[in-house]
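Peer 1: Here you go, one structure.
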Amino acid sequence: MTSSRRTVQGLALALLAAGVAAPFLPRWAGFLVTIAIAKALVALGLLLLMRTGLVSFGQGLYFAIGAYSAGIGADTLKITDAVPMVLLGAFAAGLVALALGTLLARYRTIFFAMLSLAFSMILYGLLVKSSALGSTDGFNVSARTVFGLDPHGPVGRFGVYGLAALVAFLGAVGVDRYLRTHLGRLAPAIKDNELRVEYMGASVRNVVHLHLVMAAVLAGAGGALTALAVGHVDPETAYWTTSGEFVFVAILSGTSSVAAPFAGALILELLRSFAYEHAPNTWQLVMGGVMLSVILFLPEGLWSVFRRRRRSAP
């Protein structure tokens with residue numbers, strides 16, 4: 001069985017397991033999983049960038065655009081179904097990345113990271129000053145239906161949780177398929193030696209630009225899902241700490257598999273929830289200790305544990 005087929009089958013099983021578990025999950029657990037999936041989608045986009053040798057500290061920009069677009073779609077455009085709201089968030093984020101990517105794709109290393117952060121903080125400043133969008137308080141977001149079904153009905157009661165699981169499956173499969181294409185295979189080559197890739201006849205800037213747009217689309221979808229799950233959106237979605245958390249998830253997970261961000265995000269959410277419950281005054285210390293331990297002992301991320309076991313298996 002090929003690696004691609006194994007990955008798709010594993011993701012399909014995870015989607016099936018999420019559906020089977022849905023009726024038995026308490027409300028808090030369903031909410032936690034939904035938020036983890038939304039953050040994992042952003043980290044999945046970071047996986048694309050990190051494989052290309054880039055780290056973005058500004059994915060909060062696209063996350064916030066997705067969240068606010070979903071809210072504006074419901075409030076101004078009178079969109080009542082969650083599906084078009086998520087699609088609108090993903091499209092708006094991708095459109096902004098398409099424009100900003102013409103500049104960002106020219107930079108590398110710390111310059112790329114800081115420039116992406118600068119754009120995110122510019123949006124944060126604009127949102128804080130925008131009274132039409134609720135300023136620092138933000139505004140509420142809700143959907144009346146999911147896939148045209150009443151989210152409180154017998155079929156659609158899983159609501160945003162089920163939608164998030166489906167978006168995660170489609171996003172992960174799509175990125176996995178892309179990474180196996182010619183352009184996808186250029187990512188590690190660009191990371192190792194850009195000049196050699198240019199000599200091969202490929203445009204490094206175009207590949208980086210494409211990855212920026214793909215990462216933004218995933219982040220926009222994650223932002224829209226978060227807005228729907230929380231029922232509220234505010235400028236904190238664009239703040240630098242939000243972007244830093246996405247990088248945290250990406251480093252914690254590793255970049256060796258498209259499934260890694262989802263496992264890492266779920267572990268992070270569980271860890272934070274229990275740390276906050278049992279150590280409310282020092283939970284940040286616990287999170288920092290975990291990050292330091294992963295960097296020291298698992299520099300390739302938590303998913304490297306599975307890779308080592310697979311290699312050692314007879």
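Bear in mind these aren't lab numbers, they're just calculated from the coordinates by the rules spelled out. Note that the structure is a prediction, hence the values are computed from the model and not measured. Cβ atoms come from the backbone with ideal geometry, glycine included; neighbour counts cover every protein chain shown.
Peer 1: Relative to the present Cα-Cα distance, how much length would full extension add between TYR276 and MET200 at 0.36 nm per residue of separation?
Peer 2: Details: separation 76, 0.36 × 76 = 27.36 nm, distance 5.12 nm.
Answer, rounded to one decimal: 22.2 nm.
Peer 1: I've got another one for you. Normalised by the residues of the chain, what does the relative contact order come to in percent, with Cα pairs under 8 Å and at least six apart?
Peer 2: Worked out over the chain, it gives 33 percent.
Peer 1: If I model a spin label as a point 7 Å beyond the Cα along the Cα-Cβ vector, how far apart are those points for LEU126 and LEU95 in nm?
Peer 2: Placing both labels 7 Å along Cα→Cβ, they lie 1.3 nm apart.
Peer 1: For the chain, modelled as a GNM with alpha-carbon contacts under 10 angstrom, which of ALA40, ALA227, ALA113 fluctuates the most?
Peer 2: ALA113
Peer 1: Spelling out what I want: for every residue of the range 24-35, take phi, set θ = phi - 60°, compute 6.51 cos²θ - 1.76 cosθ + 1.60 (Karplus), and round to whole Hz; glycine and proline get x.
Peer 2: 9, 7, x, 4, 5, 5, x, 5, 4, 5, 4, 5
Peer 1: For the range 18-46 and the range 277-295, compute the distance between their C-alpha centroids and round to whole Å.
Peer 2: Their Cα centres are 22 Å away from one another.
Peer 1: Can you work out the Karplus-derived ³J(HN,Hα) for every residue in the range 53-70? Use 6.51 cos²θ - 1.76 cosθ + 1.60 with θ = phi - 60°, whole Hz, and x for glycine or proline.
Peer 2: x, 10, 10, 9, 9, x, 5, x, 4, 6, 4, 5, 4, x, 5, 5, 5, 4
Peer 1: Let's test the formula: R0 of 51 Å, r as the Cβ-Cβ distance of LEU13 and LYS78. What FRET efficiency results, to the nearest 0.05?
Peer 2: The value I calculate is 0.85.
Peer 1: Given R₀ = 51 Å, FRET efficiency for LEU25-ARG5 by Cβ-Cβ distance, to 0.05?
Peer 2: Working: r = 29 Å, r/R0 = 0.57.
After rounding to 0.05, the efficiency reads 0.95.
Peer 1: Further, regarding this structure: Give me HIS211, HIS182, HIS232 ranked fewest to most by other Cβ atoms within 10 Å of their Cβ, as a rough exposure proxy.
Peer 2: The fewest-first ordering by Cβ neighbours comes to HIS182, HIS232, HIS211.
Peer 1: Hey, can you rank 293-301, 195-203 by average C-beta count inside 10 Å, highest first?
Peer 2: 293-301, 195-203
Peer 1: Listed highest first by mean packing, meaning other Cβ atoms within 10 Å per residue, what order do 14-24, 63-73, 264-274 come in?
Peer 2: Ranked by mean Cβ neighbours within 10 Å, highest first: 63-73, 264-274, 14-24.
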